[in-house]
Amino acid sequence: MKQFLFVLLLSFYSFNSYSSEFFDEMKEDASSPFNTSAIKALGIGGGLTIISLIFNDESKRFQADLARHRPLKKYSKLGDILGQTVPNIAYALAMGSDYLITKDQKSLDRTILMTKATLYSGALTDIMKWTINEKRPNGSKHSFPSGHTTTAFAFSSVVAMEHSLPWGIAANAMAAFVGFSRMNDNAHFLHDVLAGATIGTMYGVGVWNAKKNRDEKKSSQTVFMLVPLNDGLAAHYALDF
């Protein structure tokens, strides 16, 4: 019984230590758009969203004209599908599978980055949708911000940060298509799409920078040791960077 209690106590202590580190990391990731270079994306995207709200009447007329003509025709269905986290899940599965096969740590890191960017941005978008509860152009609820656009830009920003320029351009073009398709389908206004793009981008860039900062801290560690000798002590100091 005593051994069982000892193991239980040790397990609790180990979990508590791990969970403390886990929750510290979670807080860093959740606040990453505000304390990393991702704040630039927030500033630019937030500014564009505010401008679209200032010219709200013009924006609504543009929206009504777009919904009437539906320039994307049947291809708008593709935008709807791509905005339902399909690329995000496919990317995470592909990187996760690569890690299982090759044991490449970078593939695992990319899986985690995509998952975090999608979950954090999606959670904030859902909270805002239910809190603000703006009506959509078609009359239904929860218009602001666009969830499809959020997840699409969470995907594209992670790809842009992790891969070469052509992949980043292609991913952002896909995300822009998703946002436009939501307006084409009369499901969102321009400011909904701009806000969604801002949230997705700031979390994609934010969690990437948060991880980079943590990695830099881990690689910049100092070690100081005193080694006893027969005739005294020897000091050893090391700095990893």
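The values are calculated or read from the model by the stated rules, or taken from the named source; none is laboratory data. Small disclaimer: the values here were computed from a predicted structure and weren't measured. Counting neighbours? That spans all protein chains shown, and the Cβs are built from the backbone with ideal geometry, glycine included. For the accessible areas, the whole protein counts, side chains as well, though only heavy atoms, and no ligand, DNA or RNA atoms are used. Shrake-Rupley method; radii C 1.70, N 1.55, O 1.52, S 1.80 Å.
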**Q.** Rounded accessible area per residue of the stretch 132-223, 1.4 Å, Å²
**A.** 40 Å²
Q) What is the sum of charges around GLY206, taking Lys and Arg as +1, Asp and Glu as -1, for the other residues whose C-beta is under 12 Å from the C-beta of GLY206? A) +2
**Q.** Whichever lysines have a C-alpha closer than 28 Å to that of LYS217, once near sequence neighbours (fewer than 8 apart) are set aside
**A.** LYS27, LYS40, LYS103, LYS106, LYS116
Q | Computed FRET value (nearest 0.05) for THR131 with ALA170, which takes r as the C-beta separation and R₀ as 51 Å | A | 0.90
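By average Cβ neighbour count within 10 Å, what is the ranking of 121-130, 190-199, 204-213 from highest down?
190-199, 204-213, 121-130
In debye, nearest 20: dipole of the stretch 107-198 around its Cα centre with unit charges on the Cβ of K, R (+) and D, E (-)?
Using only the charged Cβ atoms, the result is roughly 200 debye.
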Q. Using 7 Å Cα-to-Cβ label points, what is the ARG214/SER37 separation (nm, one decimal)?
A. 2.0 nm
Q) On full extension of the chain, what length is gained from ILE89 through GLU25, given 0.36 nm per residue of separation minus the C-alpha to C-alpha distance? A) 20.8 nm
